[in-house]
Amino acid sequence: MSLGDVEITLASHALIARLTGEIDMSNAEEIGATVIGATPNEASGVVLDLSGVDYLDSAGIYVVYGIRASLQARGQNLILVIPPESPVHDTLRLSGTGRPGETTETVDEALRAIDGPSPAHG
Amino acid sequence: MTTWSSEGQPAPRLGTGQIALLPAESIEEASDQVRSSYRFSDPALSELPLEQLLDELLNRVQEALEVDTVAILLYDEEANQLVARAAKGIEEEVERGVRLPLGQGFAGRIAGERVAIFIADVDHADILNPILREKGIRSLLGIPLIVEGSLIGVLHVGSLTPRTFGQADLSVLQMAAARAGPAIERASLFAALEHEHRVSAALQRSLLPKRLVEVVGVEVAARYLPAREEVGGDWYDVMELPRGQVGVVIGDVVGHGIAAAALMGRLRTALHAYAIEGHGPGRTLELVDRFVQSISEPAMATAAYAVFDTYSSKVCYATAGHLPPIVISATGATALDITPAPPLGAFPYGRCPEHELTLGTDEMLFLYTDGLVERRGIPLNQGIDALTDALTGSPSPEAACVRAMAELVPDEGLQDDAAIVALQNSPVPAELHLRLPAQPKTLAHVRRVLRRWLAHHGADESDVAEVTIAVSEACANAIEHAYSPAPASFELDASCRNREITVAIRDEGRWRPPRGSNRGRGLSIMVAAMDDVQIDRTDTGTQVVMRRHLKPQ
């Protein structure tokens, strides 16, 4: 059984990375590198879907910050998907650092946020 | 119990014209040894195929030492078990496919510690092998079989009357071992693939899991028993699932031979794949049923799949045309009264309902195939009753497997192959004292152990989540401190008094101050999640002691 996993899908303007299982110091960096490596330059941003995550520790938060910094350097956005009942909220609350990026409850909302709120776009 | 180290007393290795004599032996004994050496260096032995060679060697050992029983067990490296290979006086041992764990019991210790062991008066608590107990063996002497430094098995002799085995007896046994060892080794290189039975037996073995999972709070044991004549399509599987769950599977493909064994491999893989995707037992069996329907050749199988949740102690299970699982509790063993769904591949779009039960501490779930209980001319119910009788009082899954084989497998072997798997809800220790390797992958293990331990002490979901993350963070620090290239470890102790839990994590590394704005978060999490966090750094290591009151129940 693998502890945690990442599933990458490409939507029209964004990359969706769905993390599942447990993310800790044993796999966090590798998952972060996978997400950054898979993100095409032309994508507007990345949706990091944490709805399937059962456990996330400080190494996981660190990597989320790392992903955000890498994307920022390339002018890309990061939107996190964290449903209300997710255990990720426990980690964020306990670590007292707030949210490491813009957060939505569903992937659809996140995709809309990445494609740009401005109707002038379409 | 007396042990002789194999280093301390070198085995007499007989070259041409050489006879090794051990010191302090009388002339009579020495001349006995001369006779024994001829017995085992007889060139005629070299011409015998392995089966007959072992048979002849055992006869000669029995004759030379005037013992009631002689047995050779071979070491199965993959399973880390000893398997009965040849025997005199206790032939049932081979027929029943006795398997013994390394390190425990008489033969297990000989193999595990590589020492000769003599037991003058057998205390049956020391003996794991039920056949030795049934026979009423009083004295035992056994030695490890070692070829070029590798353990290949155990050779032991037994007496039904109390008897003292001495150095001379040991030497005779060592001579026989020196002869048998290389022959077994040589033969095993060629023996594998002689005819269909062997091919499919090898295939069957390769398709079954090599190692069972290790999850705290769960004990598992399993067996596959080939039929006398032909292999079949029975299988078992054990898998670790996310969120502290363990899945156990038993299955039986209709038919025999290579085709059945190959189909078994496909079904085991399909079921395993659906199960680790997170489908429950009912849905998993439904998906395997669709898979069987999609196979071009006609195929049918029965199976049972159960998922045990280590946090809630609940078992969710479903069966497709399979015999009822048995629950073993302190009061007895009972076959569950359920109606199975149709067999896999029987009807298009069959539905497979799920059932639920709770396993109390020490209780077991026992799954088996019909090969174990079906006898020509005897109603199936009688076979199942005989099995529940045999299982009653089994203290562990290993014991349940051993008892089922001892009572249900006839001396002449099984007509049909059989598989069994037993899972026990084993007790959670009151306190944890763990020594753990300082490696990142240890963290997941720590969390699994801790979650179950916390749930056992009545912690609710948020207590469990918050304490688990704090402890995992402290362990992550201990692992980070261990930056020497040598293998390092750390210790974790946990106790609970009056609903206050105390967890101590000790490492032998130097405390490293957090680096960068993100690295300090582990410590913030520990402080926020626990009532009290004490960090004690010294030159020899760091100790973190954390306390937290659990919410009232």
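Readers should treat all values here as calculations from the given coordinates under stated rules, not as data from a laboratory. This one's a predicted model, so the numbers in the text were calculated from it and none came from an experiment. Positions of Cβ are generated from backbone atoms using ideal geometry, with glycine treated the same way; all protein chains shown enter the neighbour counts.
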**Request:** Please list the equivalent ellipsoid semi-axes of segment B:432-549, computed as the square roots of five times the alpha-carbon gyration tensor eigenvalues, in descending order and whole angstrom.
**Result:** 23, 15, 13
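Explain nothing, just the number: dipole magnitude of segment A:1-118 about its Cα centre with +1 on each Lys and Arg Cβ and -1 on each Asp and Glu Cβ, in debye rounded to the nearest 20.
That gives a dipole near 440 debye.
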**Complete:** Semi-axes in Å, largest first, for segment A:4-121 (Cα gyration tensor, √(5λ)) are 22, 16, 13
**Request:** Bin all alpha-carbon pair distances of segment B:213-344 at 5 Å intervals from 0 and give each bin's fraction as a whole percent.
**Result:** 2, 10, 20, 22, 20, 15, 7, 3, 1, 0
**Message:** Could you compute how fast segment B:197-425 diffuses translationally, taking Rh as the Kirkwood radius over C-alpha pairs and applying Stokes-Einstein at 37 °C with viscosity 0.692 mPa s? Give it in µm² per second.
**Reply:** 190
**Fill in**
Note: B:532-544 gets an average of partner chain Cβ contacts (10 Å, Cβ to Cβ) equal to 0
**Item:** At 1.306 mPa s and 10 °C, Stokes D of segment B:317-371 from Kirkwood alpha-carbon radius, µm² per second
**Value:** 128
**Message:** Run the Debye formula on the Cα coordinates of segment B:293-347, all scatterers equal and no solvent, and tell me log10 I(q)/I(0) at q = 0.21, 0.22 1/Å.
**Reply:** -0.85, -0.90
**Prompt:** Of the GluC sites (Glu not before Pro) in segment A:20-52, which ones lie in a loop per DSSP and count no more than 14 other C-beta atoms within 10 Å?
**Reply:** A:GLU42
**Request:** Pop the C-beta distance of B:THR392 and A:HIS89 into the FRET formula with R0 = 45 Å and round what comes out to the nearest 0.05.
**Result:** 0.40
**Request:** Please give the FRET efficiency for B:ALA273 paired with A:GLU7, using the beta carbon to beta carbon distance and R0 = 25 Å, rounded to the nearest 0.05.
**Result:** 0.95
**Message:** Using the crude model of +1 on Lys and Arg Cβ and -1 on Asp and Glu Cβ, and no other charge, please compute the dipole size for segment B:197-425 relative to its Cα centre, in debye to 20.
**Reply:** 560
**Complete:** Square roots of five times the C-alpha gyration tensor eigenvalues of segment B:64-123, ordered largest first and given in whole Å, equal 19, 16, 10
